[in-house]
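The values are calculated or read from the model by the stated rules, or taken from the named source; none is laboratory data. Predicted, not measured: the structure shown is a model, and the values here were computed from it. Glycine also receives a Cβ, built like all others from the backbone with ideal geometry; neighbour counts cover every protein chain displayed.
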Amino acid sequence: MPLWPVYTGTNAPHDGVTELPPPPPWRAFDGGPVLPAPDPAADAAAVSPDRLHRAETYQATEQTVQLVNAALYLRRPLLVTGPPGTGKSSLAYAVARELRLGPVLRWNVTSRSTLHDGLYQYDPLSRLYAARQQAGRDTGAGESPDGSGIEHHLRLGPLGTALLPYARPRALLIDEIDKSDLDLPNDLLNVLEEGQYEIPELVRASRLTPDGIAEVLVDGADERAPVAHGRVRCRAFPFVVLTSNGEREFPPAFLRRCVTLRLRRPDDRHLAGIVRAHLGEPDAYAQSLIERFLTRAGAGDLATDQLLNAIYLARSSGLDTDSLDRLAEQLMPYLGQTAPSDVF
C-alpha cells in the first residue's frame with residue numbers, strides 16, 4: 001500500500017518520498033539522463049541559520065500536511081497564500097528537510113521578474129570576449145568562436161535547475177508570486193504543466209557537437225549537469241511552493257493547475273506550539289503575551305515573529321514587568337497602516 005502521509009510534519013528526516021506511488025498518467029515524466037539526488041548534508045551548508053532553524057521547528061497544521069501530500073502525490077505546484085508571518089516560505093524548507101530533498105532552490109520574484117530569469121541566465125558578452133581571446137591565441141583547442149563553448153557562459157536558474165531529471169524531487173520556492181508582472185503566472189503555465197523547457201542557445205550550438213551534450217552550471221552550486229540538445233525535461237516533478245500574500249488574484253487557468261493552501265492566523269494552541277518549538281515551554285508571562293497577541297491580531301496584521309521576539313526578550317533581558325510590557329508594545333506594532341489603534 002502507498003504511504004500516506006509521505007510528509008508527516010513531525011520534522012524527523014526520512015526517505016518516504018521514495019515510496020510515493022506512480023504519478024497520475026497525465027503527470028508522468030521521463031526525462032534523462034537521470035541525475036543523482038543532491039546530498040542532504042549539503043542542505044545545512046546552503047541554508048542560512050535562520051532558515052535552518054525554521055525548517056527544524058516548523059509547526060504544520062493538519063490541513064497543511066494533507067495538502068502538501070496532495071501536491072506530492074499529484075505532482076502539482078502548491079500555492080500557499082496567507083498573511084505575512086504565517087510561515088509560507090518556511091514550509092518549503094520544512095518539507096525539503098523532512099523528505100531529504102536537498103537544498104531548496106529559491107526564486108525571489110519581483111515586478112521585473114520574467115520566466116527567462118527563472119529558467120536560465122546567458123551572458124553573450126562574456127562569450128564574445130572569450131571567443132576573441134581564443135582567436136588571438138589560435139591554439140586550435142578549448143573555447144571555440146563558433147559557439148560550441150556556449151555552456152561556459154550559461155547557468156540554469158532555480159526553476160530551470162528544479163526541472164532537471166533528478167532521481168527524486170527537488171524543492172523549489174517561488175516566493176511572493178503576487179508581486180510579479182501580470183504575465184508571469186500565465187508564462188509559468190506551460191513549463192509547470194509540461195515539466196520541460198528549451199534553451200535556444202544550446203539547441204543551436206548542439207548541432208555543432210557530436211553528441212549534442214552540454215555541461216551547464218546549475219543554480220546555487222558550482223556543479224554542472226548534462227543537457228542534451230538544449231532540452232531539459234524532469235523525471236521526478238519538483239515540489240514547488242509558490243507563496244502569495246493575497247495582494248492580487250490569479251488567472252483561473254493558473255489556479256486549476258495548483259493545489260491551494262490558505263494559511264490562517266494560528267490559534268492559541270498552535271501559537272503555544274510554535275513558541276514551544278522555538279523557545280521551550282511558555283511560562284506565565286509568555287502565555288500572557290500569547291493572549292495579548294491573539295486579542296490584538298483581531299484588529300490588524302501581526303506576524304508570529306513579533307511575538308517570538310517579545311517572548312525571547314522577556315526571558316533574556318531581565319527587565320521588570322512594566323518595562324517588558326512597554327517593550328512588547330513597541331515590538332508588536334500592526335504591520336498595516338490602517339489598524340485602528342496600537343494600544344497594547
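Below, the figures for the structure above:
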quantity	calculated
Selected residue [among the hydrophobic types (A, V, I, L, M, F, W, C), in the same structural domain as Asp320 (by TED's automatic domain parsing) and farther than 22 Å from Glu62 by Cβ] from Ala272, Ala297, Ala286	Ala286
Residue among Ala236, Ala225, Ala286, Ala253 that alone is aliphatic (A, V, I, L, M), farther than 30 Å from Arg100 by Cβ and surrounded by 16 or more Cβ atoms within 10 Å (Cβ to Cβ)	Ala286
Members of segment 239-250 that are under 22 Å from Glu194 (Cα atoms) and either surrounded by fewer than 20 Cβ atoms within 10 Å (Cβ to Cβ) or among the aromatic types (Phe, Trp, Tyr) (or both)	Phe239, Phe250
Spans of strands (runs of 3 or more DSSP E) in segment 217-304 with at least 1 residues within 30 Å of Asp123 (Cβ to Cβ)	224-228, 231-233, 239-244
Filtered residues of segment 138-157 (kept if modelled with pLDDT of 95 or more and assigned to a loop (DSSP other than H, G, I, E, B))	Gly157
Residue match in segment 310-320 (condition: closer than 26 Å to Ala55 by Cβ and outside any helix (DSSP H, G or I))	no
Those helices (runs of 4 or more DSSP H) lying entirely in segment 158-215 with at least 1 residues surrounded by fewer than 16 Cβ atoms within 10 Å (Cβ to Cβ)	184-194, 200-206
Filter result (in contact with a helix residue (DSSP H, G or I) (Cβ under 8 Å, 6 or more places away or on another chain), modelled with pLDDT of 65 or more and outside any loop (DSSP other than H, G, I, E, B)) within segment 101-137	Leu105, Arg106, Trp107, Leu115, Gly118, Leu119, Tyr120, Tyr122
Any hit, segment 68-75, residues being in a loop (DSSP other than H, G, I, E, B), more than 14 Å from the chain's Cα centre (by Cα) and modelled with pLDDT of 95 or more	yes
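For (1) polar (S, T, N, Q); (2) at pLDDT 80 or above; (3) surrounded by fewer than 15 Cβ atoms within 10 Å (Cβ to Cβ), each residue gets a yes or a no:
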site	(1), (2), (3)
Arg296	no, yes, no
Leu307	no, yes, no
Tyr312	no, yes, no
Ser316	yes, yes, yes
Leu331	no, yes, no
Pro340	no, no, yes
